[in-house]
Each structure stands twice: as structure tokens, then as C-alpha cells.
């Protein structure tokens with residue numbers, strides 16, 4: 001599970017978890033709660049002090065005290081959208097995978113009561129977030145991808161801004177370390193030792209490549225044979241860009257790659 005910890009978040013997390021966390025009751029399925037504070041477009045604090053990360057989505061990031069960090073476009077708008085959806089509302093927690101991350105934040109789906117509005121779904125529908133899943137937390141991904149797709153087609157929210165544009169494989173060299181959606185055609189499939197490679201260019205040493213490690217194969221049906229089926233297909237992949245013989249994106253679960261019809 002890829003998580004990035006920023007020093008600025010220490011001010012938010014330490015008081016809640018490092019100091020007296022044993023006095024905060026762990027949230028349970030179906031528990032109804034209220035919000036004390038909305039931190040950003042995908043994170044909030046409950047009235048009992050528990051920090052909840054809206055699992056399955058990624059909203060534009062605010063600086064939150066991180067030195068030198070430039071807020072992403074529409075970060076304030078995303079936070080305000082979550083404020084409107086959750087403040088002074090009764091919410092219900094539901095879980096679809098790992099209940100907490102390594103920083104002690106609760107990973108939950110939120111539903112507004114009594115109308116049952118799914119908060120993650122509404123943020124995606126408004127174009128105020130994009131789908132961001134992990135191998136141990138994949139509930140309702142199909143529904144989330146469909147909502148994201150609708151907002152993207154309509155160019156709502158973040159989808160009208162170049163910062164969040166879907167990138168072709170040829171435009172990734174300077175984007176290492178960022179979360180991206182990439183669309184292109186898989187030219188070649190290869191299995192070498194403990195890795196499966198989906199190559200998007202003729203030169204694997206410089207062109208964009210998707211990598212699936214052996215430890216993640218169990219989540220894909222019949223990998224590496226299933227991965228071979230992506231050859232000559234146009235796909236959309238999402239994740240954090242790294243550099244390994246050119247730009248590389250490591251996928252750990254099948255929801256990170258979509259075949260484009």
C-alpha cells in the first residue's frame with residue numbers, strides 16, 4: 001500500500017494517535033458519527049478525535065504546513081465540497097478492506113444519513129476527486145470508476161484542468177513522483193524472472209512500462225497469462241510514476257488498469 005507521509009501532517013496525527021490514542025474507541029461498521037473538522041478533500045476528523053481518510057479516492061492536495069509544497073489546483077474547492085457534504089450531518093462508516101493505514105487513520109466509506117448519500121461517490125460525481133485504490137482496499141471500485149468517468153467526460157471539476165489530464169506515454173519523463181492516469185497501447189508483453197512487463201514503446205530501456213511483481217500476481221487471474229492478453233490493447237493505467245529504464249508505473253491490483261473500448 002503506497003502511502004506518503006509528510007512532516008506537516010505530524011501536527012495533525014500525533015495529537016490524535018501518538019498521544020492518548022488508547023482512549024479513542026476504534027470505529028465500527030455502521031457506526032454513526034459527526035465531523036469535527038474537514039482537513040482536505042478526502043480527510044476529516046470526527047467528533048471523537050478519529051481521523052478518517054475517505055478510502056478509494058484522491059482529492060487535490062492542500063499544503064497542510066508542508067514546507068515548499070505547492071497546493072494542487074482546486075484543492076480549496078475540493079475541501080469546500082467535502083465541508084458542504086459532511087458538516088453538521090450524521091454520517092455512517094462502512095469498511096471495504098483494511099480498516100486503518102500505518103499512520104492510524106481510519107479508512108472508510110462514508111454515507112450521509114438519513115438519505116444514504118455515498119460521500120466518495122458524490123465527490124467523484126462532482127469531479128472533485130479521482131479514483132485511488134490500494135491492493136488491500138478495493139471495495140466498490142467499479143462504481144467509483146464509472147462515476148469518475150462520467151465527470152471526466154463532462155469535464156467537471158478537476159477534469160477541466162490540465163494538471164489532472166490523462167497523459168500519453170510520451171509525456172511522462174518529467175512527471176516522476178506524481179500520481180497520473182496514462183492511456184496508450186501495449187506494444188509488447190514480457191515476463192522476466194519475478195516481473196511481468198507491459199511495454200508501451202519499442203525501446204524498453206527508455207519508453208513507458210507497466211510492471212507487475214510476482215508478489216502481486218495472485219490478485220490477477222492467471223497472471224502472467226492474463227497480462228499477456230493486454231498486448232496490442234489500448235489501456236488506461238493509474239498510479240505513482242517511478243523511473244526504471246524510463247518512466248514506470250507499478251500496479252498491484254487489476255483495478256489499476258482498464259481496457260479502453
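Read the figures in this text as sums done on the coordinates, not as results from a lab. In this text, all values refer to a predicted model and were calculated from it rather than measured experimentally. Virtual Cβ from ideal backbone geometry, glycine too; neighbours counted across all protein chains shown.
Data for the structure
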| quantity | calculated |
| --- | --- |
| Which of 152, 167 has the fewest Cβ neighbours within 10 Å, and the rest in rising order | 167, 152 |
| The chain: relative contact order as a whole-number percent, Cα under 8 Å and 6+ apart | 14 |
| Residues 195, 164, sorted so that the one with the fewest Cβ neighbours within 10 Å comes first | 195, 164 |
| Sequence of 144, 218, 123 once ranked by neighbouring C-beta atoms within 10 Å, starting from the fewest | 218, 144, 123 |
| Ellipticity estimate at 222 nm from DSSP helix runs (n ≥ 4, -39,500 (n - 2.57)) divided over the chain, nearest 500 | -4000 deg cm²/dmol |
| Equivalent ellipsoid semi-axes - Cα gyration tensor, the range 166-259, angstrom | 19, 13, 13 |
| With 5 Å bins from 0: P(r) over the chain, alpha-carbon pairs, percent | 1, 6, 12, 16, 18, 16, 13, 9, 6, 3, 1, 0 |
